[in-house]
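Worksheet for the structure shown next.
The values are calculated or read from the model by the stated rules, or taken from the named source; none is laboratory data. Bear in mind the structure is a predicted one, so any value in this text is a computation, not a measurement. Note: ideal-geometry Cβ built from the backbone for every residue, glycine included; neighbour counts use all protein chains shown.
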């Protein structure tokens, strides 16, 4: 069970951190961004995370803010964006299983908030994973 839980957390972490910037690609202002994540699984609050990343104007122009590290096992489909609202479906495949789910959120040039619901298959009794991803621009890159 511990190994299954670790795999699910790994899936969710990749999903949380790799695609949040994709959703606000057209709105995102270059600069230093702070991203905070939290997740609930099996009715329990799981460890979250916080990190910062500097996106230059060139990064944003080239779309690097949503390309991840090139190692991402997830695919996005059914993306819809209108008036600061965004939604999309996600499918991730890694050793040990798959995760499928949906993401909905709001975005602006300096902040975003996304709610993500994912399910691992085979389920292995873990049920749905609910995650929140919040990003905010801290200022210019240093």
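No other residue among 106, 98 is under 23 Å from residue 47 (Cβ atoms), free of Cβ contacts under 8 Å to residues at least 40 places away in the same chain and not in a loop (DSSP other than H, G, I, E, B) apart from 98.
For (1) under 17 Å from residue 103 (Cβ atoms); (2) surrounded by 18 or more Cβ atoms within 10 Å (Cβ to Cβ); (3) modelled with pLDDT of 50 or more, each residue gets a yes or a no:
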{"residue": "12", "(1), (2), (3)": "yes, yes, yes"}
{"residue": "23", "(1), (2), (3)": "yes, yes, no"}
{"residue": "33", "(1), (2), (3)": "no, yes, yes"}
{"residue": "42", "(1), (2), (3)": "no, no, yes"}
{"residue": "48", "(1), (2), (3)": "yes, no, yes"}
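The residue that is modelled with the lowest pLDDT, among those in the range 109-122 that are in a strand (DSSP E or B) and out of contact with any helix residue (DSSP H, G or I) (no Cβ under 9 Å at 6 or more places or on another chain), is 121. Screening the range 123-140 for residues that are in a loop (DSSP other than H, G, I, E, B) and in contact with a helix residue (DSSP H, G or I) (Cβ under 9 Å, 6 or more places away or on another chain) and picking the one that is surrounded by the most Cβ atoms within 10 Å (Cβ to Cβ) gives 126. Residue 88 - would you say it is part of a strand (DSSP E or B), within 12 Å of the chain's Cα centre (by Cα), closer than 22 Å to residue 52 by Cβ and modelled with pLDDT of 85 or more? No.
Applying the condition of being at pLDDT 85 or above and not in a strand (DSSP E or B) to the range 50-65 and asking which residue is nearest to residue 31 (Cα to Cα) yields 56.
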